[in-house]
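This report refers to the structure that appears directly beneath it.
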Protein chains: 2
Amino acid sequence: MKSDIEIAREATMRPVIDIASDLGVDRAQVIPYGHYKAKIELDYVNSLQDRPNGKLVLVTAMSPTPAGEGKTTVAIGLADAMNQLGKKASVCLREPSLGPCFGLKGGAAGGGMSQVVPMEDINLHFTGDMHAIGAAHNLLAAMIDNYIHWSNELRLDLRRVTWRRVVDINDRQLRQIVTGIGGPGNGFPMEGGYDITVASEVMAIFCLAQNIEDLQRRLGSIVIGYTRDREPVTAAQLQASGAMTALLRDALAPNLVQTLENNPAFIHGGPFANIAHGCNSVIATQTALKLSDYVVTEAGFGADLGAEKFFNIKCRKSGLTPDAAVIVVTVRALKMHGGVARDALTEENLPALEAGLENLGRHIRNCGQYGIPLTVAINHFADDTEAEIAAIKTYTQSRGLEAHLCTHHRDGGEGAIDLATQVADLADSSQAQFRTLYDDHLSLWEKARTVARNVYGADDLDADQKVREQFDQFEAEGYGHFPVCMAKTQYSFSTDPRLVGAPGNHRVKVRELALAAGAEFLVVVCGDIMRMPGLPRSPAANNIYVNAQGQIEGLF
Amino acid sequence: MKSDIEIAREATMRPVIDIASDLGVDRAQVIPYGHYKAKIELDYVNSLQDRPNGKLVLVTAMSPTPAGEGKTTVAIGLADAMNQLGKKASVCLREPSLGPCFGLKGGAAGGGMSQVVPMEDINLHFTGDMHAIGAAHNLLAAMIDNYIHWSNELRLDLRRVTWRRVVDINDRQLRQIVTGIGGPGNGFPMEGGYDITVASEVMAIFCLAQNIEDLQRRLGSIVIGYTRDREPVTAAQLQASGAMTALLRDALAPNLVQTLENNPAFIHGGPFANIAHGCNSVIATQTALKLSDYVVTEAGFGADLGAEKFFNIKCRKSGLTPDAAVIVVTVRALKMHGGVARDALTEENLPALEAGLENLGRHIRNCGQYGIPLTVAINHFADDTEAEIAAIKTYTQSRGLEAHLCTHHRDGGEGAIDLATQVADLADSSQAQFRTLYDDHLSLWEKARTVARNVYGADDLDADQKVREQFDQFEAEGYGHFPVCMAKTQYSFSTDPRLVGAPGNHRVKVRELALAAGAEFLVVVCGDIMRMPGLPRSPAANNIYVNAQGQIEGLF
């Protein structure tokens, strides 16, 4: 089997202006970045507002193994398959971070025969969006500390500056730092730290903004810390949001590339799926919906996290209404949720698999709450046995759903034709009656409690008195209408990653809250949340280099 | 008078593929970044090697005021004027840093009618080179600390890791920090700090590399710190240089934009002029020389710093041979060097100006040492009087040089026709017999001493015993053949910024040394060197925003 980068390198790409042209976008509206990447002019994007939308399909997944179950490849394979069926379909994905590329997990441009290309570009700097977001974030940090250095007329509490810094690299050494040492010329000594760029609130804002004005307004609403009198201080008060917007202006235009089968792929924005909402940008999704009959998109982690936030945050805030959803499962993840150890997942184990189907079952029930038709995609691996596949199909039939064996990783779109046929039918059926899980007017606590009970299957939500008071405080400060952005482990419905399957009799404890006043959600942290990963003992970066032909080797 | 951004916005730009086409570059060799910025394919650049070079003209300056004397606008105006004279001329400039854009000094894309466009793009993210350099630099930092965290088999001394981190923002708060606190999961507590990206050795390497292989080799040679046994450790030993090169591969292709008069401008690389060599990339200069009959370039700060390093580092290491040089002077800088206070520089003051001409005189003598023909450009300001201009011309005549009044800031290329006519004559005269100031085989100490005596006019070079031993140590480690990269104040020939004019009877004290083993020079620090500026009390960023038309306001 060829490596992803070998397959990508052999791809026959069409000029991106031709991809755009097939979408009806004139070359004058295309901002090229090389010959195979482009942005679509924001003015043009805004001019599309009155066009009807295509159908929106979400690809989500069961609770994943650490390797991920292949939402990205399914989304790409599904879009390719729909195009093979003569449907005009685009795929909308998140932009990769450099962190995993140089760390453990590798790139995020799909894999096998279901990739987006040019793979190296997408995985490395792409069109520079990630760098622009990092620069805007860090400019605000510098302006905060500079304000404190020179005057601090607002009496910002140096101990309560909540705005950290970001870098798009896995760098554990920066998680917790002390800045401003070395004397008065270097500012005041303060505690601080770095998150990875995708965890930045600027990234979340970027992905939820409707347009430049909305972006500038939201950036201004960011709460960067508190005064000695515990009054919140915003980026607008420090006159930082305009310059931040200037840094983000070009980046906000959505990116267009293509799949290996030369179908349009919008790859724009990539917020973390724990402390942010884990979906690509609203602007890209809306643009794709105006230019395509079907848009396939995905959301981070399992459906308890990604789909929940896609529906309750992204769709709620943008007015997008999905028409169908696909739940991706793998035999290995089902066996893991049936209690099999990670080193035994390639052996057939029907009892374990059947036990693990409980996990899928709860995701099916959960996704059903949003009023949209569902189907299941089995992302096929070489070790899967026929009996295992059959067991999944039997189970989903008992739940009233079809399950489609998908071999897109090996076969490209052809491997997802069955899935595509049904997805198109479901999306066209107008069955969808999309509804969010909770209303805006519910209290912040009740919103989090609803997710814990109705999605995680928890008996209830708990929090210490101090955290409960914070909920009340945010209500009092006028943020009560925000949705909640739950941050918890992706490996379990519960907050304990070891509780596989569909655990009952568990309670969800809120450990802390983080206001994202610009993104307009309240992050409810339940468990250990990684805002800055570390590199592994042998990082992928050790094996990456440029060969004598000028090609990048070792990227995967 | 219109602001720079207003003038830039009203520019009639030609598509960059047409600018390239005029240079004889086919559109297939052009990598567009939007319609008005491009990179030239590296393979194509390499294919030009056997073509003859055009003439190379350096624009340098007398010792500047804090506002700078206009080398960039003179270089642009001169190239435009040469084109008006029917000569095929390109200009090669450094890429701006975001730091000054958001700080005090504003952008670095020229000014008035001598600008390079698109101005906002060039000043903000441009083609992403600065971000790529920052990412490569910080990846190495993360890999060093990750190596220490997991194994540290080499026994790196945590107190002697010399590789810092970078960010392209003025952020004094990060000059000196403590990282790795919060427990074993966050690495070892260590001292560290941030420099601005242009001060990165990666930037210096990027600007001196001949091609990708040379880049990868040089990155591998970076010394990142020392073991407990005081042995140097390189980036190659940590297997980091390949991934760093992958991050820089696309950036290494030179950038092409245009002047307001639609002439080609190569803007690529921008190292600091104190702890690095302050010149745009060798690759861009070489490419421009293959594609143009005349190439005008500039080097940071006054001729004691920028020109000295251009000749003794950039030309020495790349084999470039300059054909002529222009020394830029201003009436206000001459008066400052005659002792006038900064708030009285707009008043006529002939005695002060005449006293200040000593400063120019020493720069003329110094530049004469390199064996190339010289001329002087008077960058005209509205307050200059005729008597002041006349005094400058009389003086330069007495030194055997012409001085040309240049009004390019107001008039574009037309304002530099006289200058251009003489520069073309000088460059065509084949008078130049370029020689560097010192030979490779001289000891590091003697190289620094030669610059101090022959350029700064110092009586001698001093250093404490500890620093002298470091000189010896670097000789012993095999770096004795490197040139020296002097880091001192740009405001005086001496190390005291208050000693204006052409001070005599001074000695230059070396405070510390910094090895740049990848850039292949030894930084000799004489005085306070700023590796990370701070933002001013009212940073320019406070007034930057995006207006309702989506245009950036407040950038200057």
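No value in this document is a laboratory result; all are computed from the given coordinates. Every value quoted in this text rests on a predicted model; they were computed, and no experiment measured them. Note: ideal-geometry Cβ built from the backbone for every residue, glycine included; neighbour counts use all protein chains shown.
One equal scatterer on each Cα of the range A:130-244, no solvent, Debye formula: the resulting log10 I(q)/I(0) at q = 0.12, 0.21, 0.22 Å⁻¹ is -0.42, -1.22, -1.30. Residues in the range B:274-300 near a label at B:Leu85, defined as backbone nitrogen under 17 Å from the 7 Å Cα→Cβ point? Backbone N within reach: B:292-297. Counting neighbouring beta carbons within 10 Å and listing from fewest to most, the residues A:Cys92, B:Cys367 come out as B:Cys367, A:Cys92. Here the convex hull built on the C-alpha positions of the range B:1-77 has a volume of 163 cubic angstrom per residue. Summarising the amide proton neighbourhood of B:Ala38: residues at separation of 5 or more, or on other chains, whose placed amide H is nearer than 5 Å comprise B:Tyr33, B:Leu256. For A:Phe521, the amide hydrogen comes within under 5 Å of the amide hydrogens of A:Ala516, counting only partners 5 or more places away or on other chains and with H modelled in the peptide plane. In order along the range A:483-497, the phi-based Karplus estimate (6.51 cos²θ - 1.76 cosθ + 1.60, θ = phi - 60°) of 3J(HN,Hα) comes to x, 9, 10, 6, 10, 8, 4, 8, 8, 8, 5, 8, 8, 10, x Hz; Gly and Pro are listed as x. Across the range A:118-123, rounded Karplus estimates of 3J(HN,Hα) from the backbone phi angles (6.51 cos²θ - 1.76 cosθ + 1.60, θ = phi - 60°) give x, 4, 4, 4, 4, 6 Hz, Gly and Pro being marked x.
Would you mind working out the magnitude of the charge dipole of the protein assembly as shown relative to its Cα centre, with +1 at each Lys and Arg C-beta and -1 at each Asp and Glu C-beta, to the nearest 20 Debye?
On the way: 102 positive and 130 negative charges, 315 e Å.
Using Cβ point charges on Lys, Arg, Asp and Glu, the protein assembly as shown gives about 1520 debye.
For the range A:182-197, backbone phi angles converted through the Karplus equation (6.51, -1.76, 1.60; θ = phi - 60°) give residue-by-residue couplings of x, x, x, x, 9, x, 8, x, 9, 7, x, x, 10, 10, 6, 4 Hz, Gly and Pro being listed as x. Among B:Ile181, A:Ile283, sorting on how many other beta-carbon atoms sit within 10 Å of each Cβ, with the fewest leading, yields B:Ile181, A:Ile283.
Average partner chain C-beta neighbours within 10 Å, per residue of A:234-244? Let's see the in-between values first.
Numbers: counts 0, 0, 0, 0, 2, 7, 5, 3, 10, 14, 4.
Averaged over the peptide's residues, the number is 4.
Averaging the sequence gap over all C-alpha pairs within less than 8 Å and six or more residues apart, then dividing by the number of residues, gives the range A:242-315 a relative contact order of 24 percent.
Quote the FRET efficiency, to the nearest 0.05, computed for A:Arg507 versus A:Ile389 with a Förster distance R0 of 30 Å and r equal to the Cβ-Cβ distance. Please report the intermediate quantities before stating the final value.
Numbers: r = 36 Å, r/R0 = 1.20.
FRET efficiency, A:Arg507 to A:Ile389: 0.25.
Taking the centroid of alpha carbons for each part, the range A:319-386 and the range B:373-434 are 77 Å apart.
Greater than 31 Å separation of Cα atoms is the criterion. Which listed pairs, A:Lys290/B:Lys2; B:Lys71/B:Lys317; A:Lys37/A:Lys314; B:Lys87/B:Lys309; B:Lys466/B:Lys488; A:Lys317/A:Lys509, meet it? Display every interim value, and only then the final one.
Working: A:Lys290/B:Lys2 41 Å; B:Lys71/B:Lys317 23 Å; A:Lys37/A:Lys314 26 Å; B:Lys87/B:Lys309 28 Å; B:Lys466/B:Lys488 19 Å; A:Lys317/A:Lys509 26 Å.
Result: A:Lys290/B:Lys2 exceed 31 Å.
For the range A:444-526, the relative contact order is 35 percent, taking Cα pairs closer than 8 Å that sit 6 or more residues apart in sequence and dividing their mean separation by the residue count.
Normalised by residue count, the protein assembly as shown yields a Cα convex hull volume of 155 Å³ per residue.
Exposure proxy shown here: for A:Arg531, A:Arg511, B:Arg230, the number of other Cβ atoms within 10 Å sets the order, fewest to most, as B:Arg230, A:Arg511, A:Arg531. Distant-in-sequence amide contacts of B:Met532, defined by a placed amide H-H separation under 5 Å and a gap of 5 or more residues or a different chain, comprise B:Ile196.
Listed peptides B:31-37, A:130-136 appear in the order A:130-136, B:31-37 once ranked by packing, highest mean of other Cβ atoms within 10 Å at the front. What the pair-distance distribution of the range B:79-174 shows, using all Cα-Cα distances binned every 5 Å from zero, is 2, 10, 15, 15, 13, 11, 10, 8, 6, 4, 3, 2, 1 percent. Sorted shortest first, the separations between the B:Arg155 label point and its copies elsewhere in the assembly read 5.6 nm; each point sits 7 Å from Cα along the Cα-to-Cβ line.
What FRET efficiency comes out for the pair B:Phe381/B:Glu446, r = Cβ-Cβ distance, R0 = 56 Å, nearest 0.05? Spell out each step's value before the answer.
Working: r = 41 Å, r/R0 = 0.73.
Computed FRET efficiency for B:Phe381 and B:Glu446: 0.85.
Cα centroid separation, the range A:140-158 to the range B:211-269: 35 Å.
Sorted from nearest, the other copies put their A:Ala387 label points 10.7 nm away, the label point being 7 Å from Cα in the direction of Cβ.
In a fully extended conformation the segment linking B:Ala67 and B:Glu347 would gain 99.1 nm over its present Cα-Cα distance, using 0.36 nm per residue. With both labels modelled 7 Å from their Cα along Cα-to-Cβ, the B:Gln237 to B:Glu475 distance reads 2.4 nm.
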